[in-house]
Amino acid sequence: MPRTTASAPVLSASAATTTEPTAPSAAALAALLPWFAANKRPLPWRRDYQPYHVWISEIMLQQTQMDRAVDYFLRWTGRLPDVAAVAAAREDEVLKLWEGLGYYSRARNLHAAARAMMERHDGRVPEAMEALLALPGVGRYTAAAVRSIAYGRDEPLVDANVARVFCRLFDLDAPAGEAATQRELWRLAGALLPPGRAREHNQALMELGALVCTPRGPRCAACPLAPACEARRLDIAPHRPVPGKKKDIVPLALATGVLVHQGRVFVQKRAPGDVWGGLWEFPGGGVEPGETPAQAVIREYMEETGFTVRVTAPLTVIRHGYTRFRVTLNCFALAMDGAPPEPVLTEAVDWRWAAPRELTALAFPAGHRKLLDWLAARPPLPGLEPWA
Ligand code: SF4
């Protein structure tokens, strides 16, 4: 919460007490808008602030770096130029456009929200807070971003960048993720919002956090808010925001395999409601205690498809991070004796024997896409055409 310091705070009315903080001085932020005008990045959704573009960009930017989000945004809007196009798209297509961004519930929610907009709002992104919050995947921040950035409404917002800037500017000495700190951050955001300038002001705060007041090594000498900043005055900017409790990283050993039969490979589509619902994959799963990865992939194939497979060769080991997991994916080439029976799916809702080239049109989770890329860079497995 706002920290009380012995000397007078630079911000004339910094929230210096945890009981009844007073309104901060908006004048202290006067340099922010000119700085934004001179320094803002030319992002594609800033050309005309179309509500559809702002909505898509805000969903993509959650958990995603800006450069990456811009590439995906251009590809997405090139293929799906408006709400109606998203609503009409097949889920497979939506997931394929999202492939590699992770957190696939965002793509499924976009799809569901577009369909809701067609039903309730004539294919428009709604402007009212209540209508926005009723859409799948739209929370307080996203609704406020659409209202302020797309529609120019006087709506404050707080994201990770704004939180970091305010924690430093006002020297808030509790983790930004704590509920009481969040309440204070939103209160400050509302108190500092210049009427009629929410579009620029909100983006300016986020841009400042992304470009200048960065998590490591804030560039205070280049900051338009430096004269007003408590953390700078106290020389504690690197210690704000106060870190929250770190989540433990959990190692996870998985096994999967590429089952080849008559020039094709077996893939299955995960069930809806699954974290990877709608994505395609090679069957596989966790390596259990006392089991080798090769034994695990044989067991997983039996459990998930009813197939009796054998390992013909180890392929590679892929390592990647996923939320709080550090995944080790052990990959094998597999074969079956005799003609494959009809699969009995327990984790999936669809399946196919696909030629390698067909797999480029399907969306896979990150580990399996890395396996496909690994395969594409090598001579084809025995009995298969090249992968790409
Ligand atoms: Fe962040 Fe430094 Fe600017 Fe303060 S002066 S808001 S710490 S960049």
Next item on the list: With r as the distance between the Cβ atoms of LYS247 and ARG75 and R0 = 41 Å, compute the FRET efficiency 1/(1 + (r/R0)^6) and round to 0.05.
Entry: 0.85
Next item on the list: Report, to the nearest whole %, how much of the accessible area of the chain belongs to carbon and sulfur atoms, 1.4 Å probe, protein only.
Entry: 54 percent
Next item on the list: Could you work out how far the C-alpha centroid of the stretch 180-232 sits from that of the stretch 110-165, in angstrom?
Entry: 21 Å
Check: Cα axis of helix 66-79 to longest principal axis of the chain: angle in degrees, 0 to 90, nearest 10?
Finding: 60 degrees
Notebook entry, point to check: Can you give me the relative contact order of the chain as a percent, contacts being Cα pairs under 8 Å and 6 or more apart?
Noted result: 15 percent
Next item on the list: Compute the long axis of helix 366-376 from its Cα atoms, compare it with the longest principal axis of the Cα atoms of the chain, and write down the angle in degrees, 0 to 90, nearest 10.
Entry: 50 degrees
Checklist line | Share, in percent, of DSSP beta bridges within the stretch 250-376 that are antiparallel, nearest 5 | finding: 70 percent
Next item on the list: Considering only THR292, THR360, THR308, give the residue with the highest GNM mean-square fluctuation for the chain, with springs between Cα atoms whenever their separation is below 10 Å.
Entry: THR292
Check: Straight-line reach from LYS247: which lysines have Cα under 28 Å away, leaving out those fewer than 8 places along the same chain?
Finding: LYS370
Notebook entry, point to check: Any idea how far apart ALA361 and GLU385 come out in nm if each label point goes 7 Å out from Cα toward Cβ?
Noted result: 1.2 nm
Notebook entry, point to check: When the Karplus curve 6.51 cos²θ - 1.76 cosθ + 1.60 is applied with θ = phi - 60°, which whole-Hz ³J(HN,Hα) does each residue of the stretch 323-335 get, with x for Gly and Pro?
Noted result: 6, 9, 10, 10, 8, 10, 9, 8, 10, 10, 8, 10, 9
Margin query: Explain nothing, just the number: relative contact order of the stretch 35-111, from Cα pairs under 8 Å at least 6 residues apart, as a whole percent.
Written below: 27 percent
Next item on the list: Name the long-range amide H neighbours of GLY284: under 5 Å, sequence gap of 5 or more, or other chain; modelled H, no Pro or chain starts.
Entry: none
Checklist line | Sequence ranges 128-135, 253-260, 104-111, ranked by mean other-Cβ count within 10 angstrom, highest first | finding: 253-260, 104-111, 128-135
Notebook entry, point to check: Mind checking the angle between helix 293-305 and the chain's longest principal axis? C-alpha axes, 0 to 90 degrees, to the nearest 10.
Noted result: 80 degrees
Margin query: Quick check on the stretch 250-376: take the gyration tensor over C-alpha atoms, sort the square-rooted eigenvalues as a ≥ b ≥ c, and tell me if it's rounded (a/c under 1.5), prolate or oblate.
Written below: rounded
Check: For VAL275 and ARG352 in the same chain, what is the full-extension length gain: residue separation times 0.36 nm, less their Cα-Cα distance, in nm?
Finding: 25.6 nm
Item checked: Cβ-placed point charges (K, R +1; D, E -1), dipole of the stretch 13-239 about Cα centre in debye, nearest 20 -> 420 debye
Next item on the list: Under 25 Å Cα to Cα from LYS246, which lysines show up? Leave out anything in the same chain fewer than 8 places away.
Entry: none
Check: Based on DSSP, what percent of beta bridges with both residues in the chain are antiparallel, to the nearest 5?
Finding: 70 percent
Item checked: Solvent exposure of the chain as accessible area per residue, Å², 1.4 Å probe -> 46 Å²
Next item on the list: Scan around THR312 for amide H atoms under 5 Å from its own, H built in the peptide plane at 1.01 Å from N, and keep only partners 5 or more places away or cross-chain.
Entry: ALA333, LEU334, ALA335
Check: Can you give me the relative contact order of the stretch 246-356 as a percent, contacts being Cα pairs under 8 Å and 6 or more apart?
Finding: 38 percent
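The values are calculated or read from the model by the stated rules, or taken from the named source; none is laboratory data. Owing to the predicted nature of the structure, the values given are computational and were not obtained by experimental measurement. For neighbour counting, all protein chains shown are included, and Cβ atoms are generated from backbone atoms with ideal geometry for every residue, glycine included. Each accessible area value is taken on the protein alone, full model and side chains, heavy atoms only, with ligands, DNA and RNA left out. Shrake-Rupley method; radii C 1.70, N 1.55, O 1.52, S 1.80 Å.
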